[in-house]
Amino acid sequence: MGPTPKANVCRRLSRRTLGFFARDAGVVQRTNLGILRELVCQESTKFKNVWTTHSKSPIAYERGRIYFDNYRCCVSSVASEPRKLYEMPKCSKSEKIEDALLWECPVGEILPNPSDYKSSLIALTAHNWLLRISATTGEILEKIYLASYCKFRYLSWDTPQEVIAVKSAQNKGSAMARQAGTQQPVLLYLAVFRVLPFSLVGILEINKKVFANVTDATLSHGILIVMYSSGLVRLYSFQAIIEQFMQQKLDLGCACSQGGTTGTVGEAPFGIPCNVKITDSPSPLFEVSSLENAFQIGGHPWHYIITPNKKKQKGVFHICALKDNSLAKNGIQEMECCSLESDWIYFHPDASGRIIHVGPNQVKVLKLSEVENDSSQHQISEDFVIWANREDRNENLVTVTASGRVVKRNVNLLDDDPEQETFKIVDYEDELDLLSVVAVTQIDAEGKAHLDFHCNEYGTLLKSIPLVESWDVTYSHEVYFDRDLVLHIEQKPNRVFSCYVYQMVCDPGEEEDIVNRKD
């Protein structure tokens, strides 16, 4: 029996009321974030290193939470000094968490359980369990056993905060089978779920008999992206594949028979059978060839970025229209630099349709716009450029001896020479609308880094924060700028991980002045 008309009216009123609250909350939040941005960027504000810790296992950060020991221990970085939120019981190596995503409760949604209104960690364990864990207490709220026929290893959002894709490790086959020349037909599996509550979309196999010479596959925004050894990238509609090739609809918690075995879907030891098996080559939505399968989509209208599929073209980027593959005017971007590390390019995550191109000594922000008098064609132009702070190289190549003789040194320095300021990380803080840029300079035997905040609209430098710890360019580094927090995670040799936490410290008097101006 369905809900009564009165219940439907109450539900609509509840959603409408929540909508008003959400909009009002949004206005207040934007005002507060404007105040915070001013506080962050004002000259007297400092960022103080309040906590440093080291670990033998990887350290992860997500939205004010620092995770240690394969996500078993969670520390909040929101307080003035980091504090432990929870520590889950110790487990065996086969039960450890291998990957995780943070799910945050959507504003204005009616959810089935009270616990659903709090953030959750969606975690994948080494023994193929998918867990939903309370992000504040570490309590396991939901658990699903995936399967025993493959090893699932990676988690990603298909649709952010709505649909997840769980990807298996690639099936290389046994050593004996490889020696005998027997090829394993299935390369990998993709298990797709809607979240909260968990519901199964399907488990798809990527079969080499259908996708010949396939090397990898992933799912993003409802598009199955398949990569081939030739450099070819093909895009398919995942929904169309589900509709055409799903063998049977499976529901979590329901009985199922598969291959003569009966069990409950999502419970051990039965798990979830693979129920989407492509038998014929589906029609691709789009295909393109690119060096190392590098391919990105973005912009307004839709464009894509590739590197022509030849080794000598490495570092050359083509920006083309998705609708007809036409190259944008000025759409070939190449940064003329001589460096050990290659430059990189990507669509700006602020949804402006712009493009960020990063080299060792410059950050170019490019904009995509219509060609004058021709709305069907688009062009690439510079919006602004951020330059590294470097001395004039020509001056450094000329010296004068004691006798007054001018000596020119025939030395060609690399653009990412460690003795020159070099850009290492570029990110975007969406809530404060700031670009953050990490620049590093080697001083004697020690590298020093600083984090710069730039206006996202014009590129103007607004704030520079020195990092007190040394920066070794041979180590792996991650830097997060999240509202009033800066966090630096460093991986040293022999699996030693270090975490440095910086908190914003400002003058209370100036803080009050800014708040009063906003009022």
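The share of accessible area on the range 144-278 that comes from carbon and sulfur is 50 percent, using a 1.4 angstrom probe.
Near Arg354, the amide H atoms lying under 5 Å from its own belong to His348; only residues 5 or more places off or on other chains count, and H is placed 1.01 Å from N. Straight-line reach from Lys48: taking Cα to Cα under 28 Å and skipping same-chain neighbours fewer than 8 places apart, the lysines in range are Lys56, Lys84, Lys424, Lys448, Lys463, Lys492, Lys518.
Over 29 Å apart at the Cα level, from the set Lys208/Lys311; Lys151/Lys249; Lys46/Lys118, are Lys46/Lys118. Among the trypsin sites (Lys or Arg not before Pro) in the range 39-148, those placed in a DSSP loop whose Cβ has at most 10 other Cβ atoms within 10 Å are Lys56, Lys90.
Accessible surface for Val195 stands near 20 Å², nearest 10, in the context of the full protein assembly shown (1.4 Å probe).
Which net charge results for the neighbourhood of Leu200, defined as the other residues with beta-carbon distances under 10 angstrom from its beta-carbon, given Lys and Arg at +1 and Asp and Glu at -1? Around Leu200, the surrounding residues sum to +1.
Accessible-area rank, largest first, for Asp158, Asp324, Asp383: Asp324, Asp383, Asp158, with all protein chains present and a 1.4 angstrom probe. Between Phe47 and Val505, the built amide H atoms are under 5 Å apart, and every one of these is 5 or more places off in sequence or on another chain. For the range 117-262, the relative contact order is 13 percent, taking Cα pairs closer than 8 Å that sit 6 or more residues apart in sequence and dividing their mean separation by the residue count. Remark on Gly202: its backbone amide H falls under 5 Å from those of Val192, a criterion applied only to residues 5 or more positions apart or on other chains, H modelled at 1.01 Å from N.
Count Lys and Arg as plus one, Asp and Glu as minus one, and take only other residues whose Cβ is under 14 Å from that of Leu219; the net charge is then -1.
Across the range 225-311, Cα pairs under 8 Å and at least six residues apart give a relative contact order of 31 percent.
Once the 1.4 Å probe is applied to the protein heavy atoms, the range 256-331 comes out at 53 Å² accessible per residue.
For the range 424-467, the per residue solvent-accessible surface stands at 41 Å², with DNA, RNA and ligands left out and a 1.4 Å probe. Counting 0.36 nm for each residue step from Ser281 to Leu461 and taking away their Cα separation leaves a gain of 59.6 nm. All other residues whose Cβ lies under 13 angstrom from that of Tyr154 are scored, Lys and Arg at +1 and Asp and Glu at -1, for a net of -1. Here the range 103-164 and the range 215-244 have alpha carbon centers that stand 24 Å from each other. Computed as a quarter of the hull surface, the mean projected area of the alpha carbon convex hull for the range 64-171 stands at 7.8 nm².
Remark: the range 246-259, residue by residue, has Karplus-estimated 3J(HN,Hα) of 5, 7, 7, 7, 10, 10, 4, x, 9, 5, 8, 10, 8, x Hz, where x stands for each Gly or Pro and the curve is 6.51 cos²θ - 1.76 cosθ + 1.60 at θ = phi - 60°. For the range 42-97, the alpha-carbon coordinates run over 50, 19, 16 Å along the three principal axes, in decreasing order.
The values are calculated or read from the model by the stated rules, or taken from the named source; none is laboratory data. These figures come from a predicted structure and were not determined experimentally. Neighbour counts run over all protein chains shown; Cβ positions are idealised from the backbone, glycine included. With ligands, DNA and RNA removed, areas are computed over all heavy atoms of the protein, side chains included. Shrake-Rupley method; radii C 1.70, N 1.55, O 1.52, S 1.80 Å.
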